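The values are calculated or read from the model by the stated rules, or taken from the named source; none is laboratory data. As the structure is a prediction and not an experimental result, all values here were calculated from the model. Here the Cβ positions follow ideal geometry from the backbone for every residue, glycine too, while neighbour counts run over all protein chains shown. All accessible areas refer to the heavy atoms of the entire protein, side chains included, with ligands and DNA or RNA removed. Shrake-Rupley method; radii C 1.70, N 1.55, O 1.52, S 1.80 Å.
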Amino acid sequence: MNIKRFKADSIKDAVALVKKDLGEDAVILSTRKVSDGIEVLAAKDVDINSRGSLERSSTSNSSINKKESIPSIEKHLMDMKKEMRNMLNLIQYSSPNKIDSSLYNTLVLNGVQPANALKITNDVAPISSQSSIDDLKTKLSLYIQAAPIYLGGDKKPVIISFIGPTGVGKTTTIAKLASNFTVYDKLKIALITIDTYRVAAVEQLKTFADIVNIPLDVVFSPDDFAFAIDEHKDADVIFIDTAGRSQRNKKHMKELLSFFKMVRPDEIHLVLSMTTKTEDMLDIVENFEVAKPDKLIFTKLDETTKFGGILDTAIFSDKPISYLTTGQSVPDDIELADPMKIAEYILKND
Ligand SMILES: Nc1nc2c(ncn2[C@@H]2O[C@H](COP(=O)(O)OP(=O)(O)OP(=O)(O)O)[C@@H](O)[C@H]2O)c(=O)[nH]1
Ligand SMILES: [Mg+2]
């Protein structure tokens, strides 16, 4: 196996260099930003069987220069260690079956973690040689489950809560769904916010509720929460907005749970922003699991060009995705999660 490091101004230029030097079959082992551009580690003549596994890709900003501190040198060493493990895995799991490097590279360059890219490449390998891009899309879409808010049951009102880190778009997404449900589906909607930390947060929702003419209750304690739900028992859907919380703040998480202990929503959607690094998204999923979210929402798709994080998070959490949001505009910038469309985003090759 021939392993080489390439440096260029952009990922596109780096990949062109890799292909020119190592050929079309070269495999990208890792990409990372360095002070003067992008660095790509690539290998030629890689054979992998289905037991192969790679570590999370190193896409950090680490770079070493003369006045760097001890922590960043440690970080740099950690990155090198990860790269070496990736190489060792590749060597260790060599097999006569060549992997489809173009599919593998497309996935990694779209932000899918190498371990998942490898697993998927191995899974789809039997069809990929003679199959069309549509077959690949179909195969990839099977890794993604989709499930919008379920309104088909007998229970009324359906209680839906959005949770997640700060600023990911929980309130905006509730506003989008509440408008669509009111205007297009003619449903009776009520809003409850338990985000009472900031006056601005309540005002944001109040302004929206007034425009669409939907009732809004502001709730300060778990007891008030049960009472507010009861007040809206004639609604079709009650949306519960919550304050953004750091997944690492145990006190905030406990507080959130105290509301859900009083009234367990029918569906809890964990909202994640595509501007978050995949590693952090996985950490958020792991730490919000105490609230037992049922579904995932990905926001700010318009602010990224790499969609691999959706696939990694879907595989890691094993939860369905309900909606994707694609901009700030209420009520338009929201779509139902569609596995085929997500697969298309992840397989795009530019
Ligand atoms: N570009 C883009 N911006 C979005 C999207 N969704 C929400 N935003 C913006 O993200 C910012 C935060 O949105 P909020 O809805 O207040 O987020 P939040 O999760 O309720 O925030 P907290 O309540 O503070 O935790 C606002 O400026 C929104 O307009 C999206 O899909 N794309
Ligand atoms: Mg909010």
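For segment 323-332, a residue qualifies if it is over 12 Å from the mean Cα position of the chain (by Cα) and more than 16 Å from ligand 2 (Cβ to nearest atom), and the qualifying residues are T326, G327, S329, P331, D332.
Yes/no per residue for (1) surrounded by fewer than 20 Cβ atoms within 10 Å (Cβ to Cβ); (2) more than 16 Å from ligand 2 (Cβ to nearest atom):
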{"site": "P222", "(1), (2)": "yes, yes"}
{"site": "F225", "(1), (2)": "no, yes"}
{"site": "E231", "(1), (2)": "yes, yes"}
{"site": "V237", "(1), (2)": "no, yes"}
{"site": "R248", "(1), (2)": "yes, yes"}
{"site": "K251", "(1), (2)": "yes, yes"}
{"site": "M262", "(1), (2)": "yes, yes"}
{"site": "I268", "(1), (2)": "no, no"}
{"site": "S273", "(1), (2)": "no, no"}
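May I ask you to list the residues in segment 310-350 that are among the hydroxyl-bearing types (S, T, Y) and not in a loop (DSSP other than H, G, I, E, B)?
At the first step, the residues of segment 310-350 found to be among the hydroxyl-bearing types (S, T, Y) are 313, 317, 322-323, 325-326, 329, 345.
Passing the criteria: T313, S317, S322, Y323, T325, Y345.
Is it true that I64 is aliphatic (A, V, I, L, M), farther than 20 Å from V18 by Cβ and at pLDDT 50 or above? Before the answer, list the steps.
Details: aliphatic (A, V, I, L, M): yes; farther than 20 Å from V18 by Cβ: yes; at pLDDT 50 or above: no.
Here the answer is no, as I64 does not meet what is asked.
Return the residues of segment 340-349 that are surrounded by fewer than 21 Cβ atoms within 10 Å (Cβ to Cβ) and out of contact with any Lys or Arg (no Cβ under 8 Å at 6 or more places or on another chain); say none if nothing qualifies.
Step one: filter segment 340-349 for residues surrounded by fewer than 21 Cβ atoms within 10 Å (Cβ to Cβ), giving 340-341, 344-345, 347-349.
Passing the criteria: K341, Y345, K348, N349.
In the set (1) on the phi < 0 side of the Ramachandran plot; (2) at pLDDT 95 or above, the condition left unmet by K251 is number (2). Being within 16 Å of ligand 1 (Cβ to nearest atom), farther than 21 Å from I334 by Cβ and modelled with pLDDT under 95 is not true of S221. Considering L177, L142, L187, L191, the condition of being open to solvent by 40 Å² or more (accessible area, probe 1.4 Å) and either in contact with a His (Cβ under 8 Å, 6 or more places away or on another chain) or modelled with pLDDT of 95 or more (or both) is satisfied by L187 alone. Restricting attention to segment 194-213, the residues being more than 16 Å from ligand 2 (Cβ to nearest atom), surrounded by 11 or more Cβ atoms within 10 Å (Cβ to Cβ) and either in a loop (DSSP other than H, G, I, E, B) or free of Cβ contacts under 8 Å to residues at least 12 places away in the same chain (or both) number 1.
With the structure loaded, tell me whether L191 is away from ligand 1 (no atom under 12 Å from the Cβ) and not in a helix (DSSP H, G or I) or whether it fails that test. Steps first, answer last, please.
Numbers: away from ligand 1 (no atom under 12 Å from the Cβ): yes; not in a helix (DSSP H, G or I): yes.
Criteria met by L191.
The numbered conditions (1) more than 9 Å from ligand 2 (Cβ to nearest atom); (2) out of contact with any Phe, Trp or Tyr (no Cβ under 9 Å at 6 or more places or on another chain) are all true for A190 except (2).
Is it true that some residue in segment 286-301 is away from ligand 1 (no atom under 15 Å from the Cβ) and free of Cβ contacts under 8 Å to residues at least 24 places away in the same chain? Within segment 286-301, one or more residues are away from ligand 1 (no atom under 15 Å from the Cβ) and free of Cβ contacts under 8 Å to residues at least 24 places away in the same chain.
Any residue in segment 81-96 that is open to solvent by 60 Å² or more (accessible area, probe 1.4 Å), at pLDDT below 85 and in contact with an Asp or Glu (Cβ under 6 Å, 6 or more places away or on another chain)?
Within segment 81-96, the subset open to solvent by 60 Å² or more (accessible area, probe 1.4 Å) is 81, 84-85, 88, 91-92, 94, 96.
In the following step, the residues that additionally are at pLDDT below 85 were identified as 81, 84-85, 88, 91-92, 94, 96.
Going one step further and asking which of them are in contact with an Asp or Glu (Cβ under 6 Å, 6 or more places away or on another chain), we end up with 85, 94.
Yes, segment 81-96 has at least one match.
Screening segment 145-174 for residues that are within 16 Å of ligand 1 (Cβ to nearest atom) and polar (S, T, N, Q) and picking the one that is most open to solvent (accessible area, probe 1.4 Å) gives T166.
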